[in-house]
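Chemist: To start, I am sharing the structure in question, which I have written as structure tokens.
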Amino acid sequence: MWFIGTGQFASLCLEGLTKRGLTFTRIITGNPTRSGRNNKENPSAVELKANGLGLNVTRTGKLSQNEELITALEAENPGVIFVVDFGQIIREPFLSQLCLNIHPSLLPEYRGAAPIQRALLDGKNHTGVTVFRLAAKMDAGEILAQSEIDIATSDNASDLYLRLSEIGSRIAFESLRNEPLKFSVQDDSLSTYANKIDKSEFEVSFTDSALRFVNTVRALDMSGGAYAVISGKRVKIWRACVRRDMSGECGHVVNAEGNPVIMCSDSGVELQEVQSEGKRKMTGREWSAGLRLKAGDVLQLCKV
């Protein structure tokens, strides 16, 4: 059995599968990225997790052009290959194996790159995870197992990543124990797509509805964080909640005691955790005290 993955969700699934006793003869991940003045090497989340678990990792560029791995595939015939959060299209000869994906949505809903983020942006109150067989068409293969969960109003993307990776690992493991494996065909007519988050979607404004503001904050906490432009500077908003009990004019501070509450277009937003440019993350209370905000203050807001 092989495991192929790169991102954070894949690393959590790898941990969940291995702790249940699955043994992978190969763990394959993407090449490191590089950043900074010294061109520092940044291993993938899967490589870091595998190292922590004491497992060996094989790095690869484009998988379909890796002759060494293609030769190994033919020689080892792994039978089952988990392909999770890898970021590459899987082609033959790999598709001839049983390639299983753990996808954090209730397929055929939210096929694509950002299912958790899109579910939160859309204000969904439920989501789930699907184990399915890879096919040539993206996220359209036959379903092996599914599980649905409720989304709490306090859930951020990071919370759902943890829960869905744990559930996905469990149902994948349990499904593999049942012979023969039973698959069901997806209904393409019900499919929706979760496109990659565009950089323009990271900015929030108090001219938005309170729910839209908060849902954006919840959706993007693992993607670098949503931000508002306040007095010409970007302020990251890491946690916020809707306050329907508050009223006032859009952009005005309506409560400065504790975490500040700012009016959006329809109701208030309580800023629970924020981060000014060049500063550490802090509670809304700390941030408000530092700016000496008081009820009635107007925050200068604009979209850049």
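All of the numbers you see were taken from the coordinates with simple rules; none came from a lab. Quantities reported herein were computed from a predicted structural model and do not represent experimental measurements. Every residue, glycine among them, receives a Cβ derived from its backbone with ideal geometry; neighbour counts consider all protein chains shown.
Chemist: If you count, for each residue, the other Cβ atoms within 10 Å and average over each peptide, how do 134-143, 36-45, 102-111 line up from highest to lowest? Let's see the in-between values first.
Modeler: Working: 134-143: 16.5, 36-45: 12.2, 102-111: 23.6.
Sorting 134-143, 36-45, 102-111 by mean packing, highest first, produces 102-111, 134-143, 36-45.
Chemist: Quote to one decimal, in nm, the extra length available between residue 211 and residue 189 on full extension: 0.36 nm per residue of separation minus the C-alpha distance between them. Provide the component values of the computation, followed by the final result.
Modeler: Values: separation 22, 0.36 × 22 = 7.92 nm, distance 2.94 nm.
Result: 5.0 nm gained on full extension.
Chemist: Continuing with the same structure: Which of the lysines could be linked to residue 19 by a straight reach, that is with a Cα gap under 19 Å, when you skip same-chain ones fewer than 8 residues away?
Modeler: Those lysines meeting the cut-off are 49.
Chemist: Let me ask something additional. What is the set of long-range amide H partners of residue 147 at a cut-off below 5 Å, with H atoms built 1.01 Å from backbone N?
Modeler: Sorted by chain and number, the residues that satisfy this are 129.
Chemist: Which aspartates and glutamates have a Cα less than 14 Å from the Cα of residue 124, not counting those fewer than 8 places away in the same chain?
Modeler: 109, 148, 150, 155
Chemist: Additional query: Which of the aspartates and glutamates could a cross-linker span from residue 279 if the Cα-Cα distance has to be under 18 Å and same-chain partners fewer than 8 positions apart are dropped?
Modeler: The reachable aspartates and glutamates, counting only those whose Cα sits under 18 Å from residue 279, are 221.
Chemist: Specify, per residue and in Å³, the volume enclosed by the convex hull of the alpha carbon atoms belonging to the range 200-291. Before the final figure, lay out each step's value.
Modeler: Details: hull volume 8.0 nm³, N = 92.
Hull volume over Cα atoms, normalised by residue count, gives 87 Å³.
Chemist: A further question on this structure: Around residue 10, with a cut-off of 12 angstrom between Cβ atoms, what is the net charge of the other residues, counting Lys and Arg +1 and Asp and Glu -1? Write out the running numbers ahead of the final one.
Modeler: Details: positive: 49; negative: 15, 47, 85.
Cβ neighbours under 12 Å give a net charge of -2.
Chemist: Label-point separation (nm) for residue 137 and residue 62, each offset 7 Å from Cα along Cα-to-Cβ?
Modeler: If labels sit at residue 137 and residue 62, their model points lie 2.5 nm apart.
Chemist: OK, next. Say R0 is 45 Å: what FRET efficiency, to the nearest 0.05, do residue 233 and residue 154 get from their beta-carbon distance? Don't skip to the answer; put the middle values down first.
Modeler: On the way: r = 27 Å, r/R0 = 0.61.
The computed FRET efficiency comes out at 0.95.
Chemist: Out of these labelled values of semi-axes √(5λ) of the Cα gyration tensor in Å, [x] 42, 21, 16; [y] 29, 26, 16; [z] 43, 26, 17, which was calculated from the coordinates shown here?
Modeler: Given [x] 42, 21, 16; [y] 29, 26, 16; [z] 43, 26, 17, the structure-derived one carries the label [x].
Chemist: Over 26 Å between C-alpha atoms is what I'm after, so list which of 137/236; 233/281; 40/233; 196/236 land there.
Modeler: On the way: 137/236 37 Å; 233/281 15 Å; 40/233 29 Å; 196/236 20 Å.
Distance filter (> 26 Å) returns 137/236; 40/233.
Chemist: Length gain on complete extension for the stretch residue 89 to residue 177, per 0.36 nm per residue less the alpha carbon to alpha carbon distance? Spell out each step's value before the answer.
Modeler: On the way: separation 88, 0.36 × 88 = 31.68 nm, distance 2.75 nm.
Gain on stretching residue 89 to residue 177: 28.9 nm.
Chemist: If I take every Cα pair under 8 Å that is 6 or more residues apart in the chain, average their sequence separation and divide by the length, what percent do I get for the relative contact order? Walk me through the intermediate numbers first.
Modeler: Working: 650 pairs, mean separation 40.8, N = 304.
RCO, the chain: 13 percent.
Chemist: Next up: Distance from a point 7 Å along Cα→Cβ of residue 223 to each backbone N in the range 87-123: keep the residues under 12 Å and list them by number.
Modeler: It comes to 113-122, nothing else.
Chemist: Something else: Take the alpha carbon atoms of the range 25-98, find their center, do the same for the range 191-206, and report the distance between the two centers in whole angstrom.
Modeler: 28 Å
Chemist: If packing is taken as the average number of other Cβ atoms within 10 Å across a peptide's residues, how do 19-28, 261-270 rank, most packed first? Walk me through the numbers before you get to the answer.
Modeler: Numbers: 19-28: 15.1, 261-270: 22.1.
With the highest mean Cβ count within 10 Å placed first, the list reads 261-270, 19-28.
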